[in-house]
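I have placed the structure first, in the form of structure tokens, so that the comments after it can refer back to it.
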Amino acid sequence: MTVTEYALMLVATVAVAAVCEGVWMNWIRPRLAHQFGWKEVRPNERIPAAAWAGSAAVLLILFVFLPFVGVAAGY
């Protein structure tokens with residue numbers, strides 16, 4: 001694998017991890033918190049909304065935009 005492929009793999013991994021963390025914090029954890037008695041998560045413990053927009057943009061570019069443009073450009 002080339003350095004570019006490793007960098008894209010790293011960025012994709014971080015973006016997917018951010019999405020998984022968002023699903024955990026917004027949907028799964030609140031439902032389990034009542035059952036297990038977990039404390040409420042403070043707003044400063046959450047990932048900022050700009051990071052969610054950034055991770056969504058990275059996933060869109062990597063998995064939608066790049067495959068089509070890469071093929072058209074000969075990569």
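Values quoted throughout were computed directly from the atomic coordinates according to the rules given, and no laboratory measurement underlies them. If you're wondering where the values come from, they're calculated on a predicted model, not measured in any experiment. A quick note on method: Cβ atoms are made from the backbone with ideal geometry, for glycine too, and the neighbour counts reach across all protein chains shown.
Only one residue of 64, 26, 37 has its Cα farthest out toward the positive end of the dipole of the chain, where Lys and Arg carry +1 and Asp and Glu -1 on Cβ, and that residue is 37. Subtracting the Cα-Cα distance of residue 57 and residue 14 from 0.36 nm times their residue separation leaves 14.2 nm of extension gain. Comparing 24, 52, 38 in a Gaussian network model of the chain where C-alpha atoms under 10 Å apart are linked, the largest mean-square fluctuation is found at 38. Summary value for the chain: 47 percent relative contact order, contacts being C-alpha pairs under 8 angstrom separated by 6+ residues. The gain in end-to-end length when the residue 36 to residue 23 segment is fully stretched comes to 2.9 nm, 0.36 nm per residue minus the alpha carbon separation.
Let me spell out the model: positive unit charges on the Cβ of Lys and Arg, negative unit charges on the Cβ of Asp and Glu, origin at the Cα centre of the chain. What dipole size does that give, in debye rounded to 20?
On the way: 5 positive and 4 negative charges, 63 e Å.
Dipole size: approximately 300 debye.
Candidate values (i) 6.5; (ii) 5.2; (iii) 6.1 were compared with mean projected area of the Cα convex hull in nm² computed on the shown model; the agreeing label is (i). What GluC sites (Glu not before Pro) in the range 1-55 are in a loop by DSSP, with at most 12 other Cβ atoms within 10 Å of the Cβ? Filter output for the range 1-55: 40.
Counting other Cβ atoms within 10 Å, which trypsin sites (Lys or Arg not before Pro) in the range 28-67 have at most 15 and lie in a DSSP loop?
Answer by residue number: 39, 46.
Spin-label pair residue 68-residue 1: with each label point 7 Å from Cα along the Cα-Cβ axis, the two points sit 2.6 nm from one another.
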